[in-house]
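Okay, structure first, notes after.
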């Protein structure tokens, strides 16, 4: 299992670095741009915070984008949410089916390692890569605050990154299950799942009738504006996340152990 | 002499499509067993069932005295398998792929792998994606042989190999078999079976027919390849 895990990490290292540095540096650049936009932001902040449902959807009614914390929540929070969700989806949805898509399954499964061990190694590598992604981006965002000589709201920031990590795991678990039952690369589907989940969250925040259903989606409990403004985490959303993550992983083991492996 | 492989009433279908039907086959230890048959006859289905890649519908398989389902991992420790399509992780170098196979087995096969690479003239510094089919097959041979398994399973091993490497490949098989290994050789090449195999069987439309001798003529052999309406 150790060797399969290390091989997965090595093979996905390039993707991890490209995605984490791209998303992290985009966030860092956004933070660094704040200074040059600070003057304009003050004028825009009032207008943005009074746009009703639109302001609610993007968190501009709870935090002022005239502050770095508010600006980080509305701008970088969105970039990180989308980027990390897509990364988790892409990594997880290809990690099992890629063996069959790339015809390497016969090589791997002719070695004395059980399907459960292969799945465990792959699940662990998705977990490790998602964690590394979160840490790399987190360091870059923290550096942004340091460059700007602004105090990082450590508690809220750590909570936000932690919730994002859980959201990534939830999306990753769903994609991991899909990967276990599919013999083909479903990258498009993975990205689609991440984007639809994000869209569901935006619509849920704009349409009043859908607000009660928000907790179903993975973005509900990881909203940057809510977390950075000190609001309570949506517990129902977190419970759904734990249930979905566990179900996704258990289903992957269940189905993968019972199916024929393609050549 | 004990059986290295015991297949009893194996049936496997893919939904409504036929795989293999009621296949019973015993292969003795120390045998080089030829496994012939047209494309789609069920040779690969049988092999893939032995290796645990497929979940078969009924029957049972014992390999080296172990149950193919319950003792799957222990069986694979003692098997060297070479698939018909030799695919590896493209980004790996040849040496990395060979070492990876040994590492997953928890063995240091460096000495044997080096000997095999030398005999097969395999450049271990190249990346897998740079290799031709023939060279990928050489990597596959090394991965199947480096741990000196008790049982070899080869699925169309010589396609893509040049004649000299084919000769060396069979020399290697003979060496390992003379040291006590067993070999199941699935192939379309009758001359290989005539020349190297001690026993043989032919599959046709999912069913198995044992041959009295692997030394059969072309006409008898080709009869198995014709459709029923061609006969």
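The values are calculated or read from the model by the stated rules, or taken from the named source; none is laboratory data. Everything numeric here is computed off the predicted structure, so don't read it as measured data. Cβ placement follows ideal geometry from the backbone for every residue including glycine, while neighbour counts extend to all protein chains displayed.
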inquiry  = One residue is enough: does the range B:154-161 have a residue meeting the conditions modelled with pLDDT of 90 or more and either farther than 25 Å from residue B:4 by Cα or part of a strand (DSSP E or B) (or both)?
reply    = yes
message = For a quick check of your reading: which strands (runs of 3 or more DSSP E) sit entirely within the range B:1-84 and have at least 1 residues that are within 11 Å of chain A (Cβ to nearest Cβ)?
response = B:3-14, B:17-28, B:79-82
inquiry  = Given the criteria at positive phi and out of contact with any strand residue (DSSP E or B) (no Cβ under 9 Å at 6 or more places or on another chain), does residue B:180 qualify?
reply    = yes
key: Of the criteria (1) under 30 Å from residue A:96 (Cα atoms); (2) part of a loop (DSSP other than H, G, I, E, B), which one residue A:150 fails   = (1)
task = For the range A:173-200, name all the residues that are over 22 Å from residue A:261 (Cα atoms) and in contact (Cβ under 8 Å) with a residue 24 or more places away in the chain.
result = A:191, A:193, A:194, A:195, A:197, A:198
inquiry  = If residue B:3 satisfies all but one of (1) farther than 20 Å from residue B:177 by Cα; (2) at pLDDT 90 or above, what's the number of the condition it fails?
reply    = (1)
task = Answer yes or no: is there a residue in the range A:224-232 that is without any contact (Cβ under 8 Å) to a residue 24 or more places away in the chain and crowded, with 16+ Cβ neighbours inside 10 Å.
result = no
query = For residue A:27, which of the numbered conditions (1) modelled with pLDDT of 90 or more; (2) more than 23 Å from the chain's Cα centre (by Cα); (3) more than 14 Å from chain B (Cβ to nearest Cβ) fails to hold?
reply = (2)
request  = Quickly run through the range A:108-142 and pick out the residues that are farther than 23 Å from residue A:15 by Cα and either without any contact (Cβ under 8 Å) to a residue 24 or more places away in the chain or more than 14 Å from chain B (Cβ to nearest Cβ) (or both).
outcome  = A:110, A:111, A:112, A:114
query = Out of the range B:85-104, which residues are facing chain A (nearest Cβ under 7 Å) and part of a helix (DSSP H, G or I)?
reply = B:100, B:101, B:103, B:104
request  = Have a look at A:217, A:190 and point out the one that is under 13 Å from the mean Cα position of the chain (by Cα) and at pLDDT 90 or above.
outcome  = A:190
Test: residue in the range B:52-59 that is closer than 13 Å to residue B:184 by Cβ and in contact with a strand residue (DSSP E or B) (Cβ under 6 Å, 6 or more places away or on another chain) = no
key: Residues that are part of a loop (DSSP other than H, G, I, E, B), touching a helix residue (DSSP H, G or I) at 6+ places or on another chain (Cβ under 9 Å) and within 14 Å of chain B (Cβ to nearest Cβ), drawn from the range A:90-107   = A:95, A:104
key: Index of the failed condition, residue A:236 passing every other in (1) farther than 30 Å from residue B:52 by Cβ; (2) within 14 Å of chain B (Cβ to nearest Cβ)   = (2)
